[in-house]
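I have placed the structure first, in the form of structure tokens, so that the comments after it can refer back to it.
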Amino acid sequence: MHKKFAIFGHPVEHSLSPLIHNSAFIELGVDAHYFKIDLKDGNRLKETFFNEKLSGANITVPHKEAAFQASDHLDEFAKKVGAVNTLVVKNGELYGYNTDAPGFLRSIAKFEDINSILILGAGGTTKSTSVILRDAGYNISILNRSEKRLESFKEQGFTCATFETFTPKKYDLIVNMTSAGLKENSLPAPIEILEPLLHDAQAAVDIIYGKETPFLQLAKKYNLPCSDGKDMLIAQAVLAFDYFTEHKFDLEKVESIMQNAIG
Ligand code: NDP
């Protein structure tokens, strides 16, 4: 039976998910297709999912909390972070997963000898990834431009600072998880803070994709191994595809097809 999958978001026209999932469906001979649904009202997610007769979906900004609410069953990790980016239907019920953070973890595995990580930004993505990175044994610190969003991280025992309270030290990996550099060309922190950090680091990652951000440009001046948000995008998609296709395919193979699809 032909299956339908979609990505829900608003806006969603920029999404590369249809391209990467459809490439994998075609190359692996899965009778399915994947398309975009621009959904304004997150409360209509479940209804739209069933009206469209979908077998599964991905969910992007701003509907990950709505997808969490719409799920009849949640996996342990999605429950912990309160956000769902992958839905699969089984026997008429929605199963919710979060593959963003496991995807990020998978995407940094290629960097060797990383123990300490400094995350710039304290938004939704930091919320889910900080937990999984700490559980995986990394030592996590968080630096954010303002105080408010740091409160919940402090409660969970993370080392946190704002630009004003930050005491520089050496971190193995510096990650830009802010949206600085996405639309405008700004750095995620003052250059006086970033330069010594990048000088001492072993690698840098920006989770923004589609452009080389000022942060990555600066990291490259220090000859650091770098990756942009495409690696995380692919990694979360590989794990979502694994749920969509009930763990039938070799993940390395899926990853290589998806990587080729976006060049
Ligand atoms: P949120 O809106 O939840 O959080 C934004 C964070 O960025 C806040 O900590 C905010 O600080 C900080 N910030 C925003 N602008 C600036 C700036 N000019 N200078 C310094 N800090 C700034 O964002 P998300 O966590 O949802 O997403 C963050 C980024 O990650 C986005 O660019 C998104 O596109 C990308 N992303 C990529 C994915 C991928 O697969 N590659 C997956 C998910 C997200 P403050 O608290 O002070 O406002």
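The values are calculated or read from the model by the stated rules, or taken from the named source; none is laboratory data. Remember, predicted model here, so these are calculated numbers, not experimental data. Because the Cβ atoms are built from the backbone with ideal geometry, glycine has one as well, and the counts that use them run over all protein chains shown. Each accessible area value is taken on the protein alone, full model and side chains, heavy atoms only, with ligands, DNA and RNA left out. Shrake-Rupley method; radii C 1.70, N 1.55, O 1.52, S 1.80 Å.
Data table
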quantity	calculated
The lone exception for E246 - which of (1) within 16 Å of the ligand (Cβ to nearest atom); (2) not in a helix (DSSP H, G or I) it fails	(1)
Members of region 249-263 that are assigned to a helix (DSSP H, G or I) and open to solvent by less than 60 Å² (accessible area, probe 1.4 Å)	L251, V254, E255, S256, I257, M258, A261, I262
The lone exception for V81 - which of (1) β-branched (V, I, T); (2) in contact with a strand residue (DSSP E or B) (Cβ under 8 Å, 6 or more places away or on another chain); (3) open to solvent by less than 40 Å² (accessible area, probe 1.4 Å) it fails	(2)
Total residues in region 217-226, condition of a type in the set (S, T, N, Q) and in a helix (DSSP H, G or I)	1
First in region 132-147 and touching a residue at least 24 places away in the same chain (Cβ under 8 Å), second anywhere and among the aromatic types (F, W, Y) and away from the ligand (no atom under 16 Å from the Cβ), Cβ under 7 Å, 6 or more apart	S141/Y171
Answer residue from region 90-114, given it is open to solvent by 40 Å² or more (accessible area, probe 1.4 Å) and modelled with pLDDT of 95 or more and is nearest to V12 (Cα to Cα) among those	Y95
Given (1) among the hydrophobic types (A, V, I, L, M, F, W, C); (2) away from the ligand (no atom under 16 Å from the Cβ); (3) under 19 Å from I207 (Cβ atoms), index of the condition L74 fails	(3)
Residue check, I119 within 16 Å of the ligand (Cβ to nearest atom), crowded, with 18+ Cβ neighbours inside 10 Å and under 16 Å from the mean Cα position of the chain (by Cα)	yes
Where a residue in region 199-226 is within 16 Å of the ligand (Cβ to nearest atom) and its partner, wherever it lies, is β-branched (V, I, T) and open to solvent by less than 60 Å² (accessible area, probe 1.4 Å), with Cβ under 6 Å and at least six apart	A204/I174; V205/V175; D206/T213
Residue identified as over 25 Å from Q217 (Cα atoms), charged (D, E, K, R) and more than 14 Å from the ligand (Cβ to nearest atom) among E151, E93, E147, E112	E93
Members of region 49-65 found to be at pLDDT 95 or above and crowded, with 16+ Cβ neighbours inside 10 Å, listed by number	F49, L54, S55, G56, A57, N58, I59
Residue list for region 227-239, restricted to those being part of a helix (DSSP H, G or I) and either away from the ligand (no atom under 11 Å from the Cβ) or among the charged types (D, E, K, R) (or both)	K230, D231, V238, L239
